[in-house]
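My questions will all concern the structure given below.
Please treat every number below as a calculation from the coordinates, not as lab data. The structure presented is a predicted model; accordingly, all values stated were derived computationally and were not measured. Glycine gets a Cβ as well: all are built from the backbone with ideal geometry, and neighbour counts include every protein chain shown.
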Amino acid sequence: MKLPILSIAMAILLFAACNSGTKTDNASTATDTTKTGASEKAKTTGTSTKKVVTAYLELKNALTKDDDKSAATAGNNLVEAIAAVDNASLTTEQSKVFADVADDAKEHAEHIGSNAGNIKHQREHFETLSQEIYDLVKAGGSAGQKLYYDNCPMYNDGKGGNWLSETKEIQNPYLGKGMPTCGSVKEELN
Ligand SMILES: [Cu+2]
């Protein structure tokens, strides 16, 4: 019985901390601690993986600007977006892929959220996270938004790193302002 209440409280804290301001009705939900399952379900209905992709892109854009604090905020938003996905809004294929990537993606997003001040470590998590979001987008997770799968050959001592972008122009989240246009488009998605 304690877990749902705790997670609601956590969600409110995160919303307050990130100042996202998207859900003003959270406060009223929280005071009503006697209802758990039903109100939780209603709250998340219709939330698709599109919001996960949006939060990921927000994170990517923060990293292109070497902005570790905004990256942390975006990481926390991504955790929220993953938690809010309603399985009923997904196709069978999307549901399968989401089940495969959700836990790992959430963990990467959490580490990014708690590592303001250490952009190198944020980028390490971003690299693996990008592969998981790629799988989600391949299953139609961006709800038709046109995206580009980019590669930077120089990241991580030449091992390279990939990322998803909403722009055709390269804006490198791994090297940031140091080498903003390093990289190339590997694949166009949707
Ligand atoms: Cu970490």
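From the phi angles alone, apply the Karplus equation (6.51, -1.76, 1.60; θ = phi - 60°) to segment 147-154 and give each ³J(HN,Hα) in whole Hz, x where the residue is Gly or Pro.
Result, ordered by residue: 9, 10, 9, 10, 10, 10, x, 8 Hz.
Another one. Please list the non-local residues whose amide H lies under 5 Å from the amide H of Gly160, H modeled 1.01 Å from N, same-chain partners needing a gap of 5 or more.
Residues meeting the amide H criterion: Tyr155.
Let me ask you something else. For the peptides 155-161, 69-75, 80-86, what is the packing order when you average, over each peptide's residues, the other Cβ atoms within 10 Å and list the highest mean first?
Going from most to least packed, we get 69-75, 80-86, 155-161.
Another question about this same structure. Rounded, prolate or oblate, given the Cα gyration tensor of segment 48-189, with a/c below 1.5 counting as rounded?
The shape class here is oblate.
In whole Hz, what ³J(HN,Hα) sequence does segment 181-190 give by Karplus (6.51, -1.76, 1.60; θ = phi - 60°), x for Gly and Pro?
Once θ is set to phi - 60°, the couplings for segment 181-190 become 9, 6, x, 8, 7, 8, 7, 9, 10, 6 Hz.
Okay, next question. Just to check I understand the Karplus step: with θ = phi - 60° and J = 6.51 cos²θ - 1.76 cosθ + 1.60, what whole-Hz values come out for segment 81-98, glycine and proline as x?
5, 5, 5, 8, 5, 9, 4, 5, 8, 9, 6, 4, 5, 4, 4, 5, 5, 4
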